[in-house]
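> Please see the structure below; I have some questions.
What follows is calculated from the coordinates using simple rules that are stated; it is not laboratory data. The shown structure was predicted, so the numbers you read here are calculated from the model rather than taken from an experiment. Every residue, glycine among them, receives a Cβ derived from its backbone with ideal geometry; neighbour counts consider all protein chains shown.
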Amino acid sequence: MRLDKLLANMGYGTRKEIKKFCKSGAVKVDGKPVKDSSIHVDPDSQEVEIHGEIVQYREFVYLMMNKPQGVVSATEDLVDETVVDLLDPEFYAFEVFPVGRLDKDTEGLLLLTNDGKLAHELLSPKKHVPKKYFAIVNGRVTEEDVEKFGKGVTLDDGYETLPAQLTVLAQGSISEIELVIYEGKYHQVKRMFESVGKKVTFLKRLSMGALQLDEDLELGEYRELTEEELEFLRG
Ligand code: URA
């Protein structure tokens, strides 16, 4: 890979700036100053240094965020703050995007990455990746609802959902539930409850495939996935 491309990808500047840094002697490969920014380097076997800092090259990043309410799951938006706006500048150059969407008023697990292949696999309708949600629902969620969800319900547009596992955690005029669904239709959880005449007033995603929300993350916080989490996620 070209040296200027590698450094630009890692957010050290534009190619033009990197050319200047090289000319000024600020860039070293395997300890030796390199004046020509167009040379090819192998990031796996060679050590690249800029301004005295060793570059830890990687192509992909994988971030787990505890999405807060009030921000949209997008890379840009004319009106609202986006989940990408919550990231530190060190991640800007990677151009990460959210894997799937959570509604503006939904909290919880959101994966952000620039690995299009993994994102595609997780979102593919054929893969039936399970997604687990916690919700507070206005109305008494009954055994009958559990059975209906277990068979699949019909949404307002006539779509028949796949069977989903509904667990009632607390039952009353307001109920608390957990729901596992295997697809990701628009507003799916809210619409599933609407199909049985109930309204979701709070929604939080707890897991996606093998990836569980790290409960140590405060709302709006994020961290990189561990090697283990990434392996589990790839399956
Ligand atoms: N289902 C919804 O209704 N909203 C979400 O954000 C996710 C799933």
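> State the Cα centre-to-centre distance between the range 185-235 and the range 79-106 in whole Å.
Distance between centres, Cα-based: 15 Å.
> Between Lys35 and Leu169, what length in nm is gained on full extension when 0.36 nm per residue of separation is reduced by their alpha carbon distance?
Full-extension gain reported as 41.8 nm.
> In a Gaussian network model over the chain where Cα atoms closer than 10 Å are linked, find which of Gly220, Gly13, Gly31 has the largest mean-square fluctuation.
Most flexible of the set in this elastic network: Gly31.
> Follow-up question, since we're still on this one. For Gly108, list long-range residues whose amide hydrogen, built 1.01 Å from N in the peptide plane, is under 5 Å from its own amide hydrogen.
Amide H to amide H, under 5 Å and 5 or more residues apart or across chains, Gly108 pairs with Lys67, Arg205.
> Glu215 versus Lys5, label points 7 Å from Cα toward the beta carbon: distance in nm?
Output for this residue pair reads 4.6 nm.
> Right, next: Quick one: if the Förster radius is 35 Å, what FRET efficiency do Phe202 and Phe60 give, using the C-beta to C-beta distance and rounding to 0.05?
Given R0 = 35 Å and the Cβ-Cβ separation, E is 0.60.
> For a quick check: with amide H placed at 1.01 Å from N, whose amide H comes under 5 Å from Glu81's, ignoring anything fewer than 5 positions away on the same chain?
Residues meeting the criterion, in which the H sits 1.01 Å from N, are Val72.
> Now for a different question. With a cut-off of 8 Å between alpha carbons and a minimum separation of six or more residues, what is the relative contact order of the chain in percent?
19 percent
> May I ask for the Kirkwood hydrodynamic radius of the range 1-95, worked out over all distinct Cα pairs and given in angstroms to one decimal?
14.9 Å
> Quick one: which residues, 5+ away or cross-chain, put their amide H under 5 Å from the amide H of Val61? H built at 1.01 Å from N.
Here the answer is Asn114, Asp115, since their amide H atoms fall under 5 Å of that of Val61.
> Where in the range 11-35 does the amide nitrogen come within less than 19 Å of the point 7 Å from the Cα of Glu47, taken along Cα to Cβ?
25-35
> In the P(r) worked out for the range 3-54, what percent of Cα pairs fall beyond 17 Å?
Of all Cα-Cα distances in the range 3-54, 18 percent exceed 17 Å.
> Next question. With Rg and the Kirkwood Rh both taken from Cα atoms, where does Rg over Rh land for the range 131-208?
0.91
> Cut-off under 27 Å on the C-alpha distance; same-chain residues fewer than 8 positions from Lys131 excluded. Which lysines are left, in chain and number order?
Within the straight-line cut-off, Lys131 pairs with Lys67, Lys104, Lys117, Lys148, Lys151, Lys185, Lys190, Lys198, Lys199, Lys204.
> Student exercise: in the range 3-54, how many lysine pairs 8 or more apart or on different chains have Cα atoms under 12 Å apart?
Counting lysine pairs in the range 3-54 gives 5.
> Ok, one more. Give me the orientation-averaged projected area of the Cα convex hull of the chain, in nm², one decimal. If you can, show how the numbers build up before the last one.
Numbers: hull surface 61.2 nm².
Mean projected area for the chain: 15.3 nm², to one decimal.
> Work out the FRET efficiency for Lys126 and Lys151 from their Cβ-Cβ distance, taking R0 = 22 Å, and round it to the nearest 0.05.
The formula returns an efficiency of 0.55 here.
> Residue-wise, which Karplus ³J(HN,Hα) couplings in Hz belong to the range 33-39, taking 6.51 cos²θ - 1.76 cosθ + 1.60, θ = phi - 60°, and x for glycine or proline?
Running phi through 6.51 cos²θ - 1.76 cosθ + 1.60 with θ = phi - 60° gives x, 10, 8, 9, 6, 8, 5 Hz.
> Can you figure out the FRET efficiency of Ser24 with Arg223, using R₀ = 25 Å and their beta-carbon distance, to the nearest 0.05? Don't skip to the answer; put the middle values down first.
Details: r = 35 Å, r/R0 = 1.41.
Approximately 0.10, to the nearest 0.05.
> Another question, if that's okay. What is the antiparallel percent of DSSP beta bridges lying wholly in the chain, to the nearest 5?
Values: 43 of 47 bridges.
The antiparallel proportion sits near 90 percent.
> May I pose another question? Loop only by DSSP, 12 or fewer other Cβ within 10 Å of the Cβ. Give me the trypsin sites (Lys or Arg not before Pro) in the range 10-39 that pass, ordered by residue number.
Lys35
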